[in-house]
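Written out below as structure tokens is the structure these notes cover.
The values are calculated or read from the model by the stated rules, or taken from the named source; none is laboratory data. What you see is a predicted model; the values in this text were computed from it and never measured. Here Cβ is always computed from backbone atoms with ideal geometry, including for glycine, and neighbour counts include all displayed protein chains.
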Amino acid sequence: MLSLRMLRTLHAVARSGSFALAAERTALTQAAVSLQMRGLEEALGRQIFDRRARQVALTREGREICAKVERILELIDELPARPEDTIHGSVIVGAVVSVIGALSLAVAHLKTEHPELEVRLTSARSTELARMVEEGDVDLAVVVGNADGALHESLAWTPLYEEPLMLVTSRAMAGSEVLNGERGEVRRILRERSFLRFDRRVPTGAVIDEALRTLGIKPQEYLELNSIETIVSLVRNDVGVSVLPVLHNGHWHDDPNLRLIPLCNPPFMRTVGMIHRKSNKRTLLFNTLAEMLR
């Protein structure tokens with residue numbers, strides 16, 4: 001039987017040119033994507049894919065069908081939500097890794113109050129999520145704001161909260177030193193201790209790099225990683241120190257194995273916000289999630 005989910009999955013496959021990438025964008029397994037596409041071909045009685053090719057290739061009929069599916073999805077997105085009940089139906093929500101835990105809890109509470117709501121969660125980098133929302137593969141995403149504020153004209157931005165950048169050390173290291181957050185002291189710690197840097201290719205890493213350059217601090221580089229949680233775990237074990245945004249729901253101030261030291265006053269901030277397509281009118285759902293995350 002033909003379903004809207006099949007059409008959205010076909011759209012993702014056509015846009016990405018890969019069953020594997022489409023699986024990531026739709027929060028499905030690759031096997032589920034393949035199964036849906038075979039089911040779609042059977043429902044339509046048409047061969048959409050040329051399976052003789054090494055990579056995903058559309059047949060002539062497949063290209064014609066994809067063009068029609070894109071128009072169908074655009075029309076569906078333009079349909080007005082029912083004003084008396086907009087928190088229902090199916091939605092795909094994305095988030096950067098450092099927010100996915102808090103988002104999962106918010107969605108769990110939301111589903112308890114609105115059992116007709118079907119949510120699929122996916123995680124990726126901010127730039128990837130922005131592209132997925134723009135292309136319609138994800139309905140909304142929680143991402144880190146770019147320093148230049150650049151956003152595609154089709155997307156709407158809702159700021160959620162800010163997280164201050166701080167020097168993060170182990171309590172064991174801090175116990176032997178007087179740490180009052182003076183810039184000279186921060187500079188000395190970063191010069192003498194192994195520095196665990198967050199990935200400079202993503203917005204959070206760029207914010208951290210800009211803060212260090214602005215303050216004229218050149219840390220003793222040791223490792224560059226793409227997981228805030230992994231870096232914090234290494235800091236706890238006194239492997240090194242780091243400069244990180246203090247996560248909104250991280251409870252780091254209560255962690256007996258961590259010490260947080262201000263870089264400067266006022267602090268540099270990482271901005272976390274929510275993006276969705278302007279044409280997507282599920283306003284009540286978006287606003288409810290935003291308030292829960294705040």
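The table that follows gives values for the structure above.
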| read-out | value |
| --- | --- |
| When residues of segment 120-139 are limited to those that are in contact with a Lys or Arg (Cβ under 8 Å, 6 or more places away or on another chain) and not in a loop (DSSP other than H, G, I, E, B), the one surrounded by the most Cβ atoms within 10 Å (Cβ to Cβ) | Val133 |
| Selection count where residues are in a loop (DSSP other than H, G, I, E, B) and buried (at least 21 other Cβ atoms within 10 Å of the Cβ), scope segment 235-267 | 2 |
| Residues (in a loop (DSSP other than H, G, I, E, B) and either touching a Gly at 6+ places or on another chain (Cβ under 9 Å) or buried (at least 17 other Cβ atoms within 10 Å of the Cβ) (or both)) located in segment 198-213 | Asp199, Val202 |
| Residue among Leu28, Leu2 that is within 24 Å of the chain's Cα centre (by Cα), part of a loop (DSSP other than H, G, I, E, B) and either outside the structural domain of Gly94 (by TED's automatic domain parsing) or within 24 Å of Val91 (Cβ to Cβ) (or both) | Leu28 |
| Residues within segment 15-58 that are over 18 Å from Ser123 (Cα atoms) and in contact with an Asp or Glu (Cβ under 8 Å, 6 or more places away or on another chain), tallied | 7 |
| Count of segment 269-293 residues which are closer than 15 Å to Ala102 by Cβ and either more than 18 Å from the chain's Cα centre (by Cα) or hydroxyl-bearing (Ser, Thr, Tyr) (or both) | 1 |
| Residue that is farthest from Phe268 (Cα to Cα) [pool: residues in segment 153-169 that are part of a strand (DSSP E or B) and touching a helix residue (DSSP H, G or I) at 6+ places or on another chain (Cβ under 8 Å)] | Leu155 |
| Candidates Ala31, Ala43, Ala22, Ala14, filtered to the one that is more than 21 Å from Leu284 (Cβ to Cβ), surrounded by fewer than 14 Cβ atoms within 10 Å (Cβ to Cβ) and in contact (Cβ under 8 Å) with a residue 12 or more places away in the chain | Ala43 |
| Of all residues in segment 93-119 being at pLDDT 90 or above and in a strand (DSSP E or B), the one that is nearest to Tyr161 (Cα to Cα) | Ala95 |
